[in-house]
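A short worksheet on the structure shown next.
The values are calculated or read from the model by the stated rules, or taken from the named source; none is laboratory data. Not measured: the values here are computed from a predicted model. Counting neighbours? That spans all protein chains shown, and the Cβs are built from the backbone with ideal geometry, glycine included. Accessible surface areas use protein heavy atoms only, side chains included; no ligands, DNA or RNA. Shrake-Rupley method; radii C 1.70, N 1.55, O 1.52, S 1.80 Å.
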Amino acid sequence: MSKTTTVSVERDLLASLQGFKDRANAAREAYRTQRQDVLRDERLSDAAKTGDLVKLSEAITAQLASIKADQDSYVSGLKSKIEKELRGNQPADANSVLLRRDASDRARSLDRKEAMEVLQDAISNGDAEMAHAVGQKARNLAWLDVAEAYTAAHPDTADSAAALAHVEANTSGAAWNLSNGISFAAPID
């Protein structure tokens with residue numbers, strides 16, 4: 001399995017996200033066509049038309065929810081893959097798991113200044129678990145100076161960190177929420 005690069009993420013992510021939006025637009029367009037067909041059908045009574053329109057509305061809502069779920073699954077899977085690459089191969093023995101968990105717990109309580117100090121100590125002492133925990137917190141909170149210090153000490157993670165940052169920048173925040181709200185909202189009649 002090839003490692004994810006920033007270039008591959010930049011190339012593939014936006015195209016994939018556009019593909020989900022295109023699927024949603026095609027579903028809405030098919031809905032509009034089917035809705036017009038129901039409204040034009042002179043053989044149906046008004047009650048039958050209303051019933052058919054309710055069923056059609058429920059179907060498009062479910063279809064759009066399914067497409068959004070596919071998109072969410074894609075984004076989640078991509079983030080998970082890149083995060084695994086960022087962490088690298090980690091031992092799964094109980095002691096290693098406990099060390100990582102302890103480092104994560106300690107990193108959660110750090111503020112930005114403390115994070116830089118703890119990161120420098122971890123790098124100096126060869127404490128990879130603590131360095132990674134602080135680096136991950138710095139990336140999650142956009143503490144660029146701390147994240148850059150981690151990346152400088154672990155250059156093999158730089159491409160994965162940049163790829164993950166690109167994914168997160170394009171799949172979170174107000175613009176992302178607004179875009180999803182528009183793309184996956186059921187049509188208003």
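Here are some notes:
- Pairwise FRET efficiency - S45 versus K21, Cβ, R0 = 30 Å, nearest 0.05: 0.20
- With both labels modelled 7 Å from their Cα along Cα-to-Cβ, the A152 to S96 distance reads 2.9 nm.
- Accessible surface of S104, taken over heavy atoms with a 1.4 Å probe and every protein chain present, rounds to 40 Å².
- Average accessible area per residue (Å²) across the chain - probe 1.4 Å, nucleic acids and ligands excluded: 59 Å²
- Accessible-area composition of region 45-189, carbon plus sulfur, in percent [1.4 Å probe]: 55 percent
- Crossing angle, helix 6-40 versus the chain [Cα axis fit, 0-90 degrees, rounded to tens]: 20 degrees
- Nearest 10 degrees, 0 to 90: helix 46-87 Cα axis against the chain principal axis: 20 degrees
- Eligible lysines near K84 by straight Cα distance, threshold 21 Å, same-chain separation 8 or greater: K3, K137
- Computed FRET value (nearest 0.05) for A30 with E58, which takes r as the C-beta separation and R₀ as 22 Å: 0.90
- Area accessible to solvent at Y150, 1.4 Å probe radius, in Å²: 10 Å²
- Computed from phi, the 3J(HN,Hα) profile of region 91-104 under the Karplus parametrisation 6.51, -1.76, 1.60 (θ = phi - 60°) reads x, 10, 5, 4, 5, 5, 4, 5, 4, 5, 5, 5, 4, 5 Hz, with x in place of Gly and Pro.
- What the Cβ-Cβ distance of I188 and K79 gives, at R0 = 30 Å and to the nearest 0.05, is a FRET efficiency of 0.40.
- Ordering T171, H154, A115 by Cα displacement along the dipole of the chain toward the positive end leaves T171 in first place; charges were set at the Cβ atoms of Lys, Arg (+1) and Asp, Glu (-1).
- For Rg and Dmax of the Cα atoms in Å, computed directly from the structure shown, the correct entry in [x] 16.8, 50; [y] 23.6, 81; [z] 63.2, 204 is [y].
- Theoretical gain in end-to-end length, N125 to S179 [0.36 nm per residue, Cα-Cα removed]: 14.9 nm
- Folded to 0 to 90 degrees: helix 128-140 orientation relative to the chain principal axis, Cα: 40 degrees
- Using a probe of 1.4 Å on the protein chains alone, the accessible area found for L98 is around 100 Å².
- When +1 charges are put on Lys and Arg Cβ atoms and -1 charges on Asp and Glu Cβ atoms, the dipole computed for the chain relative to its Cα centre reaches about 440 debye.
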